[in-house]
């Protein structure tokens, strides 16, 4: 009798354990990593949060102001974020180095050109002229810092040969530009970015410079997340000529332990509600399922993969 009861108790524990694992619930509160206040990532994260709350019952989704793309990937690794917006180069670097093992791709949007903004008085005509100059990188772990490091390495300038400036956010960075505390910045942001336009003004004191064809080839051949991009003439008041540069995607990533069903729904709502998102931020204007084709930087979340296969863009 006691043996039978003991066996039944063991079986009951096993069943309860299996049920607990199988029924592990998704979080009801999603933290969305963005970047510093004053830029575009926080309002874009807020727009995605509103969309999720309106379309997926029982979920609260809140944007967090953070240190930027690389910071977000570390936070996700430590279980402190469920979703994040990250610059493609930061995702690629973190995946390559093994620092990011939990981030999974959900969606790509806003093919973002790198803006190379410089003070005219600094006499910077090319990336090579960054040597010995003070370059704004916002914060340790920000996507701007990651991209600047990459460019300095790929183009043979060297990180140690520039003076990185960590202003902490774009509001302070803008002030530092205007007071002459920094000479330049490399910022992946959408064409027409308000903070770039504010610094650039009428072009008397600041300008956007182009990458040379040789530099574009070097960057895009070494790092496949970059491709040729342009900033059309007169995109800003003080920019009369086209600027040649490279661009990369904004990547929405989800933590790998979110359920396939939840991430499927998040992916579906982002891709199929472009107009809703665009009303809240213009950088969502190119949201499309096709953006994922040939451009998966972090591994694709199975829930997102299911959606893209149903949408017919992946086999």
314, 83, 300 arranged by Cβ crowding within 10 Å, fewest neighbours leading | 314, 300, 83
Cα-based Rg of the stretch 117-228 normalised by 2.2 N^0.38 Å, two decimals | 1.01
Assuming a viscosity of 0.890 mPa s and a temperature of 25 °C, what translational diffusion coefficient in µm² per second does Stokes-Einstein assign to the chain, Rh being the Kirkwood radius over Cα pairs?
-> 119
Taking a ≥ b ≥ c as the square roots of the eigenvalues of the Cα gyration tensor of the stretch 50-174, is the shape rounded (a/c under 1.5), prolate (a/b larger than b/c) or oblate?
-> prolate
Where Rh is the Kirkwood radius over Cα pairs, Rg/Rh for the stretch 22-78 = 1.03
Bin width 5 Å, alpha-carbon pairs only: give the P(r) of the stretch 70-140 as whole percents, running from 0 to the bin holding the largest distance.
-> 3, 13, 21, 16, 15, 13, 10, 7, 2
What percentages, rounded to whole numbers, describe P(r) for the stretch 164-315 computed over all alpha carbon pairs with 5 Å bin width beginning at zero?
-> 2, 8, 14, 15, 16, 16, 13, 9, 6, 2, 0
So for R0 = 45 Å, FRET eff. of residue 310-residue 198 from the Cβ-Cβ r, to 0.05, ends up at 0.60
How do the peptides 137-144, 155-162 rank, highest first, by the average count of neighbouring beta carbon atoms within 10 Å per residue?
-> 137-144, 155-162
Hey, rough spin-label estimate for residue 227 and residue 120, points 7 angstrom out along Cα→Cβ, what's it come to in nanometres?
-> 3.5
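No lab work stands behind these numbers, since they all come straight from the coordinates. Since this is a predicted model, take the numbers as computed values, not measurements. Cβ coordinates were reconstructed from backbone atoms using ideal geometry, including for glycine residues, and neighbour counts include every protein chain displayed.
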